[in-house]
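These notes concern the structure reproduced below.
The values are calculated or read from the model by the stated rules, or taken from the named source; none is laboratory data. Only a predicted model underlies this, so the values are computations on that prediction, with no experimental measurement involved. Positions of Cβ are generated from backbone atoms using ideal geometry, with glycine treated the same way; all protein chains shown enter the neighbour counts. Ligands, DNA and RNA are excluded from the accessible area calculation, which covers all protein heavy atoms including side chains. Shrake-Rupley method; radii C 1.70, N 1.55, O 1.52, S 1.80 Å.
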Amino acid sequence: VYKRQAQEWDRLQLVEDQIRAIKKQQREQLEQASSPELAKIRLLAKLRGIGVDSAWVMVMEMFGWREFHNRAEVGGAVGLGGTPYSSGATEAEQGISKAGNPLVRTKAIELAWLWIRYQPRSELSQWFNRRFAGGGSRMRRVGIVAVARKLLIALWHLVDHGVVPPGVVIDLSESPAG
């Protein structure tokens, strides 16, 4: 049993060393390079509630290499767009499609919870609080998916068009590479 535990410990240490090396490489790239993608990462990392790791995922998986033309494309790219049902006289909304990048979708929902916590004065957080915070846990989970979609759209407007979402706090004091 001890030998197997020692092997698992060694494996864990190897993985943690690899993660540290990747994070160090990312920090060095952010400090030294000046590509458009890295500029977008630095911009997103200045927003309170979004760290370098999350900004890296959002840019490298979505905003760094894709060109979006409208809000529906942004939501659809991660599976947070609506799925309409239409058959004859029956028309209904079936919820989100989940047919998109699952990594970005998961990160967007995680960021939505962080956004509500660290950007309480933002228009998006206030909208969530008015609409969903008073409901039960299921309503809050439904609402946070809506916040995730709206947040992705707001971040797209920020990185592509320079439009800062209303009420957002930007941390200018800290280096986003740190």
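Note that region 124-170 presents 50 Å² accessible area per residue, ligands and nucleic acids not counted, probe 1.4 Å. Measuring r between the beta carbons of Ala99 and Ser137 and using R0 = 30 Å, the FRET efficiency lands at 0.70.
In order along region 157-170, the phi-based Karplus estimate (6.51 cos²θ - 1.76 cosθ + 1.60, θ = phi - 60°) of 3J(HN,Hα) comes to 4, 5, 6, 8, 10, x, 8, 7, x, x, x, 7, 9, 10 Hz; Gly and Pro are listed as x.
The label-point distance for Asp160 and Leu114, in a model that sets each label 7 Å from Cα toward Cβ, rounds to 2.2 nm.
So what is the relative contact order for the chain, in percent, with contacts set as C-alpha pairs under 8 Å and at least six apart?
Computed value for the chain: 25 percent relative contact order.
A convex hull fitted to the Cα coordinates of region 98-178 yields 115 cubic angstrom per residue.
Restricting region 1-109 to chymotrypsin sites (Phe, Trp or Tyr not before Pro) that sit in a DSSP loop and have at most 15 other Cβ atoms within 10 Å of their own Cβ leaves Trp65.
Extending 7 Å from Cα along the Cβ direction at Asp171 and again at Glu28 yields two label points whose distance is 2.4 nm. Between 0 and 90 degrees, the angle of helix 36-45 with respect to the longest Cα principal axis of the chain falls at about 80 degrees.
Using 0.36 nm per residue and subtracting the Cα-Cα separation, the extra length available between Ser87 and Gln5 on full extension is 23.7 nm. Annotation note: trypsin sites (Lys or Arg not before Pro) in region 64-156 located in DSSP loop regions with a Cβ neighbour count of at most 13 within 10 Å are Arg66, Lys98, Arg121. Once divided by 2.2 N^0.38 Å, the Cα radius of gyration of region 35-153 becomes 1.13.
The sum of -39500 (n - 2.57) across all DSSP H runs of n ≥ 4, divided by the residue count of the chain, sets its helix-only mean residue ellipticity at 222 nm to -19500 deg cm²/dmol.
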